[in-house]
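The values are calculated or read from the model by the stated rules, or taken from the named source; none is laboratory data. On a predicted model such as this, the values are computed, not experimentally measured, just so you know. Don't worry about glycine lacking a Cβ; one is built from the backbone with ideal geometry, like all the others, and counts go over all protein chains shown. Surface accessibility is based on the protein's heavy atoms, side chains included, excluding ligands, DNA and RNA. Shrake-Rupley method; radii C 1.70, N 1.55, O 1.52, S 1.80 Å.
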Amino acid sequence: MRIAYFTHSLASCWNHGNAHFLRGVLRALIERGHQVRAYEPAGNWSLTNLLADHGREGLNAYDAAYPNLGSIAFESDADPAELIGDADLVIVHEWNEPALVAAIGRVRAAGGRFRLLFHDTHHRAVSDPEAIRAFDLSGYDGVLAFGEALSEVYRRWGWGDRVWTWHEAADIRHFHPPAEEGERAGLVWIGNWGDGERTEELERFLFRPAQDAGLPLDLYGVRYPDEARAMLRRYGVAFHGWAPNAAAPGIFARHLATVHVPRRYYTTILPGIPTIRVFEALACGIPLVSAPWDDAEGLFTPGRDFLFAEDGEAMARHLRALAADPAMRAELAAHGLATIRARHSCDHRADELLAIAATLDTPDLETVA
């Protein structure tokens, strides 16, 4: 099958979590023999910020980890029909401009022989629904949503059985435990500050518990304003700034445990969506303790894949217990890793995508055995 994916960026993961999953699932499709092209807008926001902060060297980790991947940059006046070319399946991510989303839909509606899916991996459908409704999806064949709760939103908007839940997952070719165990110490958290969606939660479930447990905390991420950095200093957090996502396995391998602090929308009106960091951490074999969220879809086995902490005091207790008990750390890490490899790899998601494509009315599509 010939697949075209329109992303915000494949090259840059600077404040762009979709790049993590996209790299893994496109690689899985390529290794199955499918022809894959990724397109990203020239001068996109994520890549511009990465290059401004780190220069071309900021892309070295991605280039080394994914030598068989690349993306085609296009200008805003590019003809979508020419970009699509002979593609059988076209997927458009929701971080694209509405004008581009609409233009691709018009190519499909005008008789394009490809099938067209919209891919939503964000909470804007509930946090800023008008931003999503601004997309003209009338020419699209369906929607891929990264959680069942988000799929339900699209069903209420009239998509019915043309929306599919397609969770993120870990690229286990790259995200895996170290070949040889080395020294581990302290906690690590990889994540962006964002727009104040979880400021109170980060203090309550991460900074204060780490301090109470007497464990040093290393933190990696971007978009930390002055007040955020001041909070980190108050709690003695070692802030390292941005790290390429391809470097995450090595970072995890140096630490005893990590913590998941979900954004507020994923604990309230979009339950059941753990986001990419949980999958990647468990794939790397690092014990994980999570602030509360509702695993509404039964993706994991809480208590065996990772630990839930109902409040900050429970988080500190879990962290102290993990620090003191190597056997507990090993058991938790092994169970979480086994779950990822059994159910939540990018290979699983590639299979799911191909199964979805097979349900579309596509008698003209060429498939690869």
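Packing order of peptides 223-235, 104-116, highest average first: 104-116, 223-235 (average count of other Cβ atoms within 10 Å over each peptide's residues). Projecting the Cα atoms of H123, A213, V163 onto the charge dipole of the stretch 119-238, computed from C-beta unit charges around the Cα centre, puts A213 farthest toward the positive end.
Averaging the Cα positions of each part gives two centres, and for the stretch 282-305 and the stretch 106-137 these lie 30 Å apart. Packing around the peptides 156-164, 178-186, taken as the average count of other Cβ atoms within 10 Å per residue, puts them in this order, highest first: 156-164, 178-186.
Using 0.36 nm per residue and subtracting the Cα-Cα separation, the extra length available between A131 and A179 on full extension is 12.8 nm.
Based on C-alpha pairs under 8 angstrom that are at least 6 apart in sequence, the stretch 47-179 has a relative contact order of 18 percent.
Net charge dipole, the stretch 225-321: roughly 420 debye, given to the nearest 20, about the Cα centre with Cβ charges of +1 for Lys and Arg and -1 for Asp and Glu. Each Lys and Arg adds +1 at its Cβ and each Asp and Glu adds -1 at its Cβ; summed about the Cα centre, the chain shows a dipole of about 480 debye.
For the stretch 67-95 versus the stretch 240-259, the inter-centroid distance based on Cα atoms is 31 Å. In whole percent, and with a 1.4 Å probe on the protein chains, what portion of the accessible area of the stretch 126-222 is carbon and sulfur? Exposed carbon and sulfur together represent 45 percent of the surface. Sorting 136-148, 31-43 by their mean Cβ neighbour count within 10 Å, with the most densely packed peptide first, gives 136-148, 31-43. Considering only N49, Q35, Y66, the residue lying farthest towards the positive end of the dipole of the stretch 1-76 is Q35, judged by Cα position with unit charges set on Cβ.
Derived from the Cα gyration tensor, the three semi-axes of the equivalent ellipsoid of the stretch 68-168 are 23, 15, 14 Å, largest first.
Solvent-accessible surface of the stretch 1-141, averaged per residue with a 1.4 angstrom probe and all protein chains in place: 39 square angstrom.
Taking the Cα atoms only, what angle lies between the long axis of helix 98-109 and the longest principal axis of the chain, rounded to 10 degrees? Once rounded, one gets 40 degrees.
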